[in-house]
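Everything below concerns the one structure shown next.
The values are calculated or read from the model by the stated rules, or taken from the named source; none is laboratory data. Please read these numbers as outputs of a predicted model, since none were measured by experiment. All Cβ positions, even for glycine, are placed from backbone atoms using ideal geometry, and neighbour counts span all protein chains on display. Keep in mind that these areas ignore ligands, DNA and RNA; they rest on the heavy atoms of the full protein, side chains included. Shrake-Rupley method; radii C 1.70, N 1.55, O 1.52, S 1.80 Å.
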Amino acid sequence: MGSLFSTQSSESIFLIGKLNGKPPDERHFFNLSQIYLDQADGRGDNSDIDTVKNCKNKDSDSQIFKPLPKKKKLFCHQTYVQWKSSLDLDFLKHLFTSPKRVIYLVQINDFPDFVKNFRITLQSSSYTLFQFIENFLKIYHMGMDVRWLDNINLKNVDWNIRERCHIVTEQLQYLVTDFFTPLQNVNPSDGYCIMGMTWTDLYPEEKYNFALGEASCKHKSGVFSFGRCPPSTFDPKNPKDITEITSEILWRLLKVSSHELGHLFGLEHCEFFLCHMNESLSMVDAMNQPLFYCPVCLHKIQHVCQFSVAERYQKLENFITDIHQQFPSEKWSQSLKFLKKCREFLSNEEIVQ
């Protein structure tokens, strides 16, 4: 079998960036973005794409990345080239500063005892919930360091975070945008970005009910919460709060923290594929989206972090296998199937030779 996608079109370069110089496995993996260009509008000869999709699996679910329908011209989306142009401009602003290679996390206010006492075993070692999140984000952004700062109690700082009692849930909520500047101000000099974590629910502005998290690329800061009482599913006759760490909660925390960090790397909501960076209009939408990037978003993150795609997928598979063994769920199972497909594609000699 000959080499697939030997020459990139100008449209492909605009979407995914130039791939010459990459290892053959990564070059062909990122070239799966061509599926969006060729299949989403039903044009073109897709014989090469079909070969790629089915090189290891013959079932109808063998496609690794599922393209979204084209609704706008390509230049109306954030392609790799558009994203990198913004990144290069930001780089010039900080040309004479030291490299920033640390993602900082910080706990805001206290957490219930069951959160602080939670433990999970990863590679035969026991970790707290906060260490669990830290280790996942280290793998997810492999090449960057991830560190927790000392906890911040809002009673002891002059952050002026606005709050309200939600009219339906009667639960305290913080205005998420009020955290951006104070967090930016406590981000250490080697911090690429900073992300706060709070037990208290969040809201984005007065007219909106609820937010799991939000981030500001301008401030290189964001905040996320547990999402305890979403008004859309709140039952006043049977109000429920989080009382234990379940598989669902672990999934939610990893999904929200890594999605918001994607925004701090400059990624806008993805409109090319079913992707970790898709926009969501509800917590249900957000939780049903993939945990992983499409090839376009992955290439953006790789450019900053400088990881090996195959090595990152292997480490994510090991990590999620440990979770699934202790907190089994369909979401972890589907994630492992996805990672296996990706690794099989990357190691397939028919593709990379």
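Observations on the structure shown:
- Lone unmet requirement of (1) free of Cβ contacts under 8 Å to residues at least 40 places away in the same chain; (2) among the aromatic types (Phe, Trp, Tyr); (3) within 30 Å of TYR203 (Cβ to Cβ) for TYR313: (3)
- Restricting the first member to the stretch 322-351 and to residues that are at negative phi, and the second to residues that are among the polar types (S, T, N, Q), the beta-carbon pairs closer than 6 Å and six or more apart or on different chains are PHE327/SER247; SER329/SER247.
- Within the stretch 219-305, helices (runs of 4 or more DSSP H) holding 3 or more residues that are of a type in the set (A, V, I, L, M) and open to solvent by 20 Å² or more (accessible area, probe 1.4 Å): 283-288
- When every residue of the stretch 54-71 is checked against the conditions, none turns out to be in a helix (DSSP H, G or I), modelled with pLDDT under 90 and loosely packed, with under 15 Cβ neighbours inside 10 Å.
- Residues that are open to solvent by 50 Å² or more (accessible area, probe 1.4 Å), polar (S, T, N, Q) and within 30 Å of THR121 (Cβ to Cβ) occur at least once in the stretch 311-320.
- Condition check for ASP48: more than 22 Å from LYS300 (Cβ to Cβ), open to solvent by 60 Å² or more (accessible area, probe 1.4 Å), part of a helix (DSSP H, G or I) and at pLDDT below 95: yes
- Test: THR128 is surrounded by fewer than 16 Cβ atoms within 10 Å (Cβ to Cβ), within 23 Å of the chain's Cα centre (by Cα) and among the β-branched types (Val, Ile, Thr): yes
- Of the criteria (1) open to solvent by less than 30 Å² (accessible area, probe 1.4 Å); (2) without any contact (Cβ under 8 Å) to a residue 24 or more places away in the chain, which one ASN185 fails: (1)
- When restricted to residues that are open to solvent by 80 Å² or more (accessible area, probe 1.4 Å) and polar (S, T, N, Q), the stretch 110-125 contains 3.
- When the stretch 268-296 is filtered for residues that are touching a Lys or Arg at 6+ places or on another chain (Cβ under 8 Å) and acidic (Asp, Glu), only GLU271 remains.
- Filtering the stretch 160-174 to residues that are surrounded by 17 or more Cβ atoms within 10 Å (Cβ to Cβ) and among the hydrophobic types (A, V, I, L, M, F, W, C) leaves only ILE161.
- Positions within the stretch 321-353 being open to solvent by less than 70 Å² (accessible area, probe 1.4 Å) and more than 27 Å from SER124 (Cα to Cα), in sequence order: PHE345, LEU346, ASN348, ILE351, VAL352
- The stretch 192-218, residues that are more than 16 Å from ARG162 (Cα to Cα) and either out of contact with any strand residue (DSSP E or B) (no Cβ under 9 Å at 6 or more places or on another chain) or surrounded by fewer than 20 Cβ atoms within 10 Å (Cβ to Cβ) (or both): CYS217, LYS218
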